[in-house]
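Just so it is clear, none of the values below were taken in a lab; they were calculated from the coordinates. Quick caveat: nothing in here was measured; it's all calculated off a predicted structure. Note that we place each Cβ from the backbone using ideal geometry, even for glycine, and neighbour counts take in every protein chain shown.
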Amino acid sequence: TRLYAGTDEMVTLTVPTVTNLCTRLGISMGISEFLLYGIDLGAPSPEEHHSDQAIYYTDDKLEAIALSDPMNIPAPGNRRPQVFTSRLMLLARMFFEKLFASFSYVRAYNCSDGIHIEGTQTVPPVQALLSAGGESRAGAVAAILAGLPEYAPGERFDAALTGRYQQAVRDWHA
C-alpha cells in the first residue's frame with residue numbers, strides 16, 4: 001500500500017482489507033494493543049456471511065465481485081470449531097499473522113466470531129479490556145502527531161497515481 005507515497009515508502013502487510021491497513025498503521029504509530037471486533041474473515045455458514053443489508057447485496061456489481069470469491073473453505077474458528085472463509089480472507093489472515101509475528105510486543109485480542117488468527121488471543125467481547133498505559137488521551141495524541149512527518153502541501157502527492165485511481169473508480173462504475 002502506498003498511501004500516496006513513493007514506491008520507496010511502501011507500508012507492508014496492509015492488504016487486502018482496510019483492517020490490515022489500520023492495524024499496521026496503528027503499530028507504526030506505537031499502538032501495542034488491539035481489540036479485533038468484527039474482523040471475522042469467515043462465517044459459520046458459506047451461504048450467509050454478511051448482513052443482508054450490507055452493500056454487497058444492495059449493489060449488483062459489488063454482489064458479483066463478492067460472489068466471485070465464495071466463502072466455502074473450511075477453517076478453524078476463533079470462537080467455534082469451524083467457519084467458512086474465502087481465498088481473499090485467507091490472504092488477509094496470513095497478513096495479520098505475519099504482522100503480529102513481526103512485532104512481538106503487540107498484543108491482539110480477537111473478539112470476533114470468525115476465523116482463528118494465529119498470534120491473537122481469543123477473548124469474549126464482554127471480557128475485552130485494554131490496559132490504560134499510563135498516558136492520557138491528550139498525551140497519546142500529541143505523541144502520535146509528533147511522530148508524523150510534515151510535508152508542504154502537494155509535496156508527497158502523486159497526481160498520476162491519484163489519476164489512475166480515479167479512472168479505475170470511473171471504469172468500475174461504468
Simple SL model, points at 7 angstrom along Cα→Cβ for Arg164 and Ser104; separation in nm is 3.8
Modelling each spin label as a point 7 Å along the Cα-to-Cβ direction, I'd like the Ser32/Glu97 distance in nm, to one decimal.
2.6
Simple spin-label model, 7 Å along Cα-to-Cβ: Gln121 to Leu25 in nm?
2.7
Calculate one ³J(HN,Hα) per residue across segment 29-37 by plugging θ = phi - 60° into the Karplus curve 6.51 cos²θ - 1.76 cosθ + 1.60, and present them in order as whole Hz with x for glycine and proline.
8, x, 6, 10, 10, 10, 9, 9, 10
Please go through segment 63-129 and write out the GluC sites (Glu not before Pro) that DSSP classes as loop and that have at most 16 other C-beta atoms within 10 Å.
Glu118
